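To start, the structure itself, in structure tokens.
Laboratory data are not the source of any read-out in this text; all were calculated from the coordinates shown. Quick caveat: nothing in here was measured; it's all calculated off a predicted structure. Heads up, the Cβs are rebuilt from the backbone with ideal geometry, glycines too, and the neighbour counts pull from every protein chain shown.
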Amino acid sequence: MGGSQAAYVYILSNDRGNVLYIGCTEDLKKRIYMHKKQLIAGFSKKYNAQRLIYFRKFSSIEEAKKREKYLKCKTRAKKIALIESFNPTREDLSQDISS
């Protein structure tokens, strides 16, 4: 069961950069595709959050979920500082993901 497959925490933004969406998944490529095609109802679809601006790989979904919860509790300023340390220009990184 859980713990055997890698997982990811990711942050999406919209084109204007004023929206941040944090999620986690075991299949980052598939999940980003679903966001871009607006196949996932909810916040990301409502606010057009489709630009992958941050992601981090974990060894299990449990670790990824723990990090997701942690990040969601942080201030916007701390989230932006994290994003900018990883992706200073906030480019869409969806072309950089593999697997």
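I'd like to verify a number: residues in segment 21-40 that are closer than 22 Å to Phe86 by Cα and in contact with a helix residue (DSSP H, G or I) (Cβ under 6 Å, 6 or more places away or on another chain), how many?
To start, the set of residues in segment 21-40 that are closer than 22 Å to Phe86 by Cα comprises 21-33, 35-36.
Narrowing the set further to residues that are in contact with a helix residue (DSSP H, G or I) (Cβ under 6 Å, 6 or more places away or on another chain) leaves 21-22, 24-26, 32, 35.
Number satisfying all stated conditions: 7.
Among the candidates Ala41, Ala64, Ala49, which residue alone is within 11 Å of the chain's Cα centre (by Cα) and over 18 Å from Ser94 (Cα atoms)? Talk me through it step by step, then tell me what you get.
Values: Ala41 fails: within 11 Å of the chain's Cα centre (by Cα); Ala49 fails: over 18 Å from Ser94 (Cα atoms).
Just a single option satisfies the conditions, and that option is Ala64.
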